[in-house]
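Below: one structure, written as structure tokens.
The values are calculated or read from the model by the stated rules, or taken from the named source; none is laboratory data. Quick caveat, the model's predicted, so the values are computed rather than measured. Cβ sites come from the backbone with ideal geometry, for glycine too, and all protein chains shown count toward neighbours.
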Amino acid sequence: MSSITKVVQKAKAKGNGALIGYIMAGDPTPELTPKIADALIKGGVDILELGLPFSDPIADGPTIQAAGLRALNAGTTPLKVLEVAKQIKQQHDVPIVIMTYYNPVFRLGVDKFLGLAKEHMVDGFIVPDLPVEEATEYKAAAKKHDLDTIFLAAPSTTNQRLTKIVDASSGFLYLVSRYGVTGAKTTVEDSTVQLIKRIQPFTAEKIPLAVGFGISTPKHVEQIIAAGADAAIVGSAFINIIQNNSPTMNKELQATAKALKAATKTAK
Amino acid sequence: MKLSNYPIDGKYGKYGGRFVPEVLMEAIGELEQAYYKARKDPEFQRQLDYYLAEFVGRPTPLYLAENLTRKLGGAKIYLKREDLAHGGAHKINNTMGQALLAKRMGKTRVIAETGAGQHGVATAIACAALGLKAVVFMGTEDCERQRLNVFRMKLLNAEVHPVESGSKTLKDSINEAFRDWVTNLETTYYLIGSTMGPHPYPMIVRDFQSVIGKEIKAQFKQKTGGLPDALVACVGGGSNAMGTFYPFEDDTSVKLYGVEAAGEGIETGKHAATLAAGSEGVFHGMYTYVLQDSNGQIQPTHSVSAGLDYPGVGPEHSFLKISKRAEYTFAADKEAVDAFLTLSREEGILPALESSHAVAYAMKLAPKMEKTQSIVVTLSGRGDKDVQTIADYIGAKI
């Protein structure tokens with residue numbers, strides 16, 4: 001069992017959901033990312049998702065687009081992101097997942113990139129513009145380097161496709177909560193709750209089910225864990241704090257993570 | 001294997017494919033099925049033929065440019081007059097076809113990206129004709145440069161969404177259109193304007209644009225009894241070139257030349273010559289040549305013609321390049337402007353700056369060929385939209 005899956009199982013054994021925190025590596029600078037990660041992990045983030053910035057992020061809303069732009073302007077390169085990941089891993093025993101688009105991986109060479117990622121202690125990858133049909137080379141390289149391949153499922157995914165996606169996934173399945181792009185929303189729709197209930201039987205006993213896109217408050221976390229998700233993915237809520245870059249940023253991040261983590265425990 | 005049999009499983013050799021977020025996979029699959037059904041349906045073909053003839057004004061003429069031919073003293077130069085199609089460019093061939101498809105699929109809202117505004121205008125025209133709601137994404141930088149086209153789209157009852165993200169140009173308007181599409185899948189049809197994006201778009205756009213090449217073939221045969229020796233077309237995303245080339249892909253005696261925008265020169269880095277100076281990558285849903293840095297970040301482009309200002313290229317062009325069926329070359333801003341001025345003076349035709357790149361290359365090619373040979377240049381659009389740019393470039397006051 002991968003370290004990612006283990007972390008979720010451990011939380012589950014205690015009756016909790018896992019909290020997955022997303023930040024853009026290099027936002028506002030590559031030097032600050034380990035400190036931000038430190039605050040999130042202290043606050044209770046169980047798995048850290050590190051965004052690797054790409055110039056044309058078609059699955060992201062304005063918040064994460066802007067974070068990516070800040071990171072690129074700060075000189076963040078794929079190699080710097082891997083170095084940041086390693087720095088974090090040397091301080092914390094927390095699984096790290098890289099989330100990026102396919103082109104930066106492809107450009108460096110899929111096998112080479114994944115090999116380097118493993119050397120930098122990365123645990124898995126999420127590539128939102130790489131559907132299972134196009135993922136043969138990537139899957140083989142991930143297997144060779146013992147990395148988890150986290151694929152995404154969406155509200156439009158049919159049961160038939162879902163089986164394929166679950167089979168190709170390791171670590172967890174990333175369920176996109178709604179039609180649309182990443183970004184904080186005020187409420188969790190009933191349709192998201194129904195979606196989790198539809199997907200859950202496909203992942204049960206196989207792989208943890210994590211839900212993301214629009215999850216930004218403790219109430220949202222509570223709702224999706226109660227609906228049957230094993231983990232909640234929160235991104236834009238953290239990035240909204242980071243973009244203000246205030247002197248109390250790390251305190252705010254830690255407090256936000258703490259409140260979100262607490263919500264995974266109150267969920268039934 | 002005949003080249004015209006591609007795509008096979010959505011790919012042109014290794015290029016093409018479908019690199020999109022999972023949420024779109026089902027919709028793209030539905031689009032593919034709907035398109036294959038429509039393509040086989042005589043009623044759909046009849047509707048399309050009706051609009052192409054009665055509304056778009058097809059067939060467009062294949063005109064022998066005698067003055068230019070005489071001046072250059074080489075091969076005969078024929079112009080495929082897409083500038084005479086409704087809207088002033090070849091773009092309408094595709095928007096009419098896809099808008100009919102959208103309607104057939106029961107979609108009520110059509111979204112499109114646009115750079116210079118030509119595809120946006122062509123989308124607005126087709127949607128107005130068919131009673132569909134059109135929403136066009138356009139970078140704020142482009143909105144400023146092409147204010148007239150923004151107003152033109154509004155007059156045609158389209159809604160224009162200025163795009164503030166990224167470089168605020170064409171590639172960002174495509175990103176934004178994808179983001180809208182994933183949010184409004186149920187009601188919305190994404191009408192892509194070039195032979196790019198995830199499969200089946202490069203095929204659909206090529207098929208609708210191949211009316212250009214089919215007409216060239218028939219018209220040339222009627223005029224001369226044979227086939228032309230060379231076809232020349234400009235390449236941004238590559239739709240007018242693909243439409244020109246495709247019906248000739250298996251006629252190996254016909255040389256195919258695609259002309260990209262070399263901007264201020266390939267060596268300056270300020271260009272949009274993706275096939276000449278780019279490398280393989282995955283961008284906007286397709287595996288193809290792209291302009292990128294060593295870290296896989298997509299690079300900004302430059303061309304005097306906004307319609308060629310794109311850092312990717314249709315996957316079928318990448319395939320024709322590496323299979324050596326077509327030759328890809330380029331023309332710089334200055335050469336395109338010179339060709340614009342020459343064609344205007346010699347033939348009484350103002351070509352679009354995009355098409356001027358093709359004219360520029362044909363002017364180099366013709367003198368090297370025999371007088372008995374023929375070149376067909378696709379004049380993808382008219383140049384009225386570019387008059388201000390030309391004036392600025394040559395320092396003239398209007």
Tell me, which residue of the stretch B:176-194 that is of a type in the set (G, A, S) and in a loop (DSSP other than H, G, I, E, B) is surrounded by the most Cβ atoms within 10 Å (Cβ to Cβ)? B:S194
Exactly one of B:G117, B:G139, B:G106 is at positive phi and in contact (Cβ under 8 Å) with a residue 24 or more places away in the chain, and that one is B:G117
Matching residues, the stretch B:161-175, being under 21 Å from the mean Cα position of the chain (by Cα), more than 9 Å from chain A (Cβ to nearest Cβ) and either buried (at least 21 other Cβ atoms within 10 Å of the Cβ) or of a type in the set (V, I, T) (or both): B:T169, B:L170, B:S173
Do you know which residues across the stretch B:56-85 are touching a Phe, Trp or Tyr at 6+ places or on another chain (Cβ under 6 Å) and closer than 21 Å to B:G120 by Cα? B:R81
Every residue in the stretch A:162-173 that is among the charged types (D, E, K, R) and within 11 Å of chain B (Cβ to nearest Cβ), please. A:K164
Of the residues in the stretch A:69-105, those that are in contact with a Gly (Cβ under 6 Å, 6 or more places away or on another chain), crowded, with 23+ Cβ neighbours inside 10 Å and small (G, A, S) number 1
The residue that is nearest to the other protein chains (Cβ to nearest Cβ), considering only those in the stretch A:139-148 that are surrounded by 21 or more Cβ atoms within 10 Å (Cβ to Cβ) and outside any loop (DSSP other than H, G, I, E, B), is A:A141
If only one of B:F319, B:F340 is assigned to a helix (DSSP H, G or I), among the aromatic types (F, W, Y) and surrounded by fewer than 24 Cβ atoms within 10 Å (Cβ to Cβ), which one is it? B:F319
May I ask you to list pairs of residues, at least six apart or on different chains, whose Cβ atoms are under 7 Å apart, with the first in the stretch B:294-306 being within 8 Å of chain A (Cβ to nearest Cβ) and touching a residue at least 24 places away in the same chain (Cβ under 8 Å) and the second being buried (at least 24 other Cβ atoms within 10 Å of the Cβ) and of a type in the set (D, E)? B:I298/A:D56
Of the listed residues (B:K107, B:K80), the one being touching a strand residue (DSSP E or B) at 6+ places or on another chain (Cβ under 8 Å) and buried (at least 24 other Cβ atoms within 10 Å of the Cβ) is B:K80
Matching residues, the stretch B:119-144, being crowded, with 18+ Cβ neighbours inside 10 Å and modelled with pLDDT under 95: B:G139, B:E141, B:D142, B:C143
Can you confirm whether A:L19 is on the phi < 0 side of the Ramachandran plot and free of Cβ contacts under 8 Å to residues at least 24 places away in the same chain? no
Kindly check whether there is at least one residue in the stretch B:252-267 that is part of a helix (DSSP H, G or I) and either among the β-branched types (V, I, T) or within 14 Å of chain A (Cβ to nearest Cβ) (or both). yes
Does any residue of the stretch B:57-70 turn out to be among the aromatic types (F, W, Y) and part of a helix (DSSP H, G or I)? no
Tell me, yes or no, whether the stretch A:149-161 has at least one residue that is surrounded by fewer than 18 Cβ atoms within 10 Å (Cβ to Cβ) and more than 11 Å from chain B (Cβ to nearest Cβ). yes
Single match in B:K214, B:K255, B:K270 (criterion: more than 18 Å from B:S323 (Cα to Cα), touching a strand residue (DSSP E or B) at 6+ places or on another chain (Cβ under 9 Å) and touching a residue at least 24 places away in the same chain (Cβ under 8 Å)): B:K270
Using beta carbons and a limit of 6 Å, which pairs, at least six apart or on different chains, have the first residue in the stretch B:159-172 and over 19 Å from B:V121 (Cα atoms) and the second one not in a loop (DSSP other than H, G, I, E, B)? B:E164/B:T140; B:S165/A:Q65; B:S165/B:D172; B:G166/B:D172
Identify the residue in the stretch B:176-191 that is of a type in the set (S, T, N, Q) and facing another protein chain (nearest Cβ under 10 Å) and, among all such residues, is nearest to A:G180 (Cα to Cα). B:T183
Take the residues of the stretch B:14-57 that are among the aliphatic types (A, V, I, L, M) and more than 10 Å from every other protein chain (Cβ to nearest Cβ): which is surrounded by the fewest Cβ atoms within 10 Å (Cβ to Cβ)? B:A53
With respect to the numbered conditions (1) touching a Pro at 6+ places or on another chain (Cβ under 9 Å); (2) within 30 Å of A:A67 (Cβ to Cβ); (3) of a type outside the set (D, E, K, R), which one is the sole condition not fulfilled by B:Y190? (1)
Among (1) touching a helix residue (DSSP H, G or I) at 6+ places or on another chain (Cβ under 8 Å); (2) surrounded by 17 or more Cβ atoms within 10 Å (Cβ to Cβ), B:S4 falls short only on (2)
Out of all the residues in the stretch B:235-252, which are touching a strand residue (DSSP E or B) at 6+ places or on another chain (Cβ under 8 Å) and among the polar types (S, T, N, Q)? B:N240, B:T244
Taking the options A:V176, A:V193, name whichever one is farther than 28 Å from A:G109 by Cβ, in contact with a helix residue (DSSP H, G or I) (Cβ under 9 Å, 6 or more places away or on another chain), away from chain B (no Cβ under 13 Å) and without any contact (Cβ under 8 Å) to a residue 60 or more places away in the chain. A:V193
Taking the stretch B:195-248 and keeping only residues that are part of a loop (DSSP other than H, G, I, E, B), more than 25 Å from B:M25 (Cβ to Cβ) and among the polar types (S, T, N, Q), one is left with B:S210
For the stretch A:24-138, list the strands (runs of 3 or more DSSP E) that sit wholly inside it and hold at least 3 residues that are within 18 Å of the chain's Cα centre (by Cα), among the aliphatic types (A, V, I, L, M) and within 14 Å of chain B (Cβ to nearest Cβ); which are they? none
Have a look at A:I241, A:I225, A:I233 and point out the one that is hydrophobic (A, V, I, L, M, F, W, C), farther than 24 Å from A:F172 by Cβ and either within 19 Å of the chain's Cα centre (by Cα) or surrounded by 23 or more Cβ atoms within 10 Å (Cβ to Cβ) (or both). A:I241
